[in-house]
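*Asks:* Can you keep this structure in mind? I'll have questions shortly.
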Amino acid sequence: QLTPRPELEPDFRDYEPIHPEPGWKSLLRKLWAPIIAVIGLAVKFGVFAFKFLGLFVSVAAYALIWGWWFGIGFVALILVHELGHYVEAKRQRLDVSIPRFIPFIGAYVAIKNSPLNPTRNALLALAGPFAGGLAAAFCWGLGSLEQSSLLHALAYAGFFLNLVNLLPIGILDGGAIWKAYKLARAEPMVPLAEGGAATMLPGAGRDRAALILTMYLGLAFLLALGMWGTHVPQSRL
């Protein structure tokens, strides 16, 4: 018969098992600070804050992926792109809204009284990628001067963003430019008045179409050149 020996018994102590934190809790923890910041701005500035709510949310959204500084810089590049459209619309004396942001999608400006004029329409569409390309080039130059990898990354992202926007797809700037080019090249005729003689649509013609195509391809080439210049090879890929 075996005699129990208490000193050899295992010592079972109370302990708290460690469980991994659910993914949604981790995401909520990251979102909490930006949400509080947005609410604080809304309370402090009222209607003004809600007018720019999309901008604040976009900064927070991109910051969750790439960090605060890159998020702010990326949204600033998008803002400059949209301001290009805004300034050109104002120059043409059109009714245009301030840039409005949609997180993870981008931004837009609404133009209500845009005329049926291929050259003017093309200039409106080209102004955004042109301004965005200038902003990316500024980041490139400053990044080279300061040896900043963050600014180089922003420059590459800016060139890429604006080059993608030039794709000839309907909802993008490139789609609007390509539509303007085809309309100008078709040389459509419109009547001056009821029963009057027809004349060519303002801003149309083969020479205007060639100008639109030259600006379009030239800007796309410069943006692609900027991407090539700011690309950093990844040896691990």
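The values are calculated or read from the model by the stated rules, or taken from the named source; none is laboratory data. These figures come from a predicted structure and were not determined experimentally. Neighbour counts run over all protein chains shown; Cβ positions are idealised from the backbone, glycine included.
*Asks:* Of everything in the stretch 120-150, what is surrounded by 24 or more Cβ atoms within 10 Å (Cβ to Cβ) and over 19 Å from VAL87 (Cα atoms)? Give them in sequence order.
*Replies:* Within the stretch 120-150, CYS139 is the sole residue that qualifies.
*Asks:* If we keep just the residues of the stretch 202-231 that are in contact with a helix residue (DSSP H, G or I) (Cβ under 7 Å, 6 or more places away or on another chain) and in a loop (DSSP other than H, G, I, E, B), which is modelled with the lowest pLDDT?
*Replies:* Checking each candidate, the answer is HIS231.
*Asks:* Within the set of pairs 6 or more residues apart or between chains, which connect a residue that is without any contact (Cβ under 8 Å) to a residue 60 or more places away in the chain inside the stretch 200-220 to a residue that is among the basic types (Lys, Arg) with Cβ atoms less than 8 Å apart?
*Replies:* ARG206/ARG185
*Asks:* Look at GLY132 and say whether it is more than 25 Å from ARG100 (Cβ to Cβ), assigned to a helix (DSSP H, G or I) and touching a helix residue (DSSP H, G or I) at 6+ places or on another chain (Cβ under 6 Å).
*Replies:* Working: more than 25 Å from ARG100 (Cβ to Cβ): no; assigned to a helix (DSSP H, G or I): yes; touching a helix residue (DSSP H, G or I) at 6+ places or on another chain (Cβ under 6 Å): yes.
No: the conditions fail for GLY132.
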